[in-house]
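The values are calculated or read from the model by the stated rules, or taken from the named source; none is laboratory data. Every value quoted in this text rests on a predicted model; they were computed, and no experiment measured them. Every residue, glycine as well, gets a Cβ built from its backbone with ideal geometry; the counts of neighbours run over all protein chains shown.
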Amino acid sequence: MLSARQKPAALALLAAMGLSSCGPMIPPAARPTFTPATPRPSQSAPALPERQDGSGLIGSEARALVRQFGEPRLDIRDPAARKLQFSNGRCILDAYLYSSGARREPVVTYAEARTMDGTTMDVAACVGQLRAR
């Protein structure tokens, strides 16, 4: 049993322990910022040279890609860009299209290729395989 002298100290200790069980004060989390999945090229960038990469893709419109490779496996659109993905069982080609000016058809500004197991491969080699169907 506690003595009369020990009771106030014990009550104060119990009160402090009760308040500490509420948990620490954690500031609210910062609001996340939105970052688009595909960055938009700079509006002040010079026009891309046609066919600069040897694969013949850079500068091509979506219709030209469909004529060459058939219907895309994926066609992903967002406000800033469009991604077309083509595959023939041997390689996968991702072509990223951006508009370069007001009311212009988006064109390929970047492309990447990989084998079916995910290994990076030369874009021109994949383009050749896709054209051979």
Among the residues that make up region 70-79, is at least one of them in contact with a Lys or Arg (Cβ under 8 Å, 6 or more places away or on another chain), farther than 28 Å from D117 by Cβ and among the aliphatic types (A, V, I, L, M)? no
Long-range neighbours under 8 Å by Cβ, at least six apart or interchain, first residue free of Cβ contacts under 8 Å to residues at least 24 places away in the same chain within region 60-79, second hydroxyl-bearing (S, T, Y) and assigned to a helix (DSSP H, G or I): none
Scan region 82-95 and give yes if some residue there is over 25 Å from A125 (Cα atoms) and surrounded by 14 or more Cβ atoms within 10 Å (Cβ to Cβ), otherwise no. no
Is it the case, given these coordinates, that L93 is modelled with pLDDT of 95 or more and assigned to a helix (DSSP H, G or I)? no
Which one of these is over 15 Å from V66 (Cα atoms), in contact with a strand residue (DSSP E or B) (Cβ under 9 Å, 6 or more places away or on another chain) and aromatic (F, W, Y): Y96, Y110? Y110
S99: passes all of (1) under 23 Å from T119 (Cα atoms); (2) surrounded by 14 or more Cβ atoms within 10 Å (Cβ to Cβ) but (1)
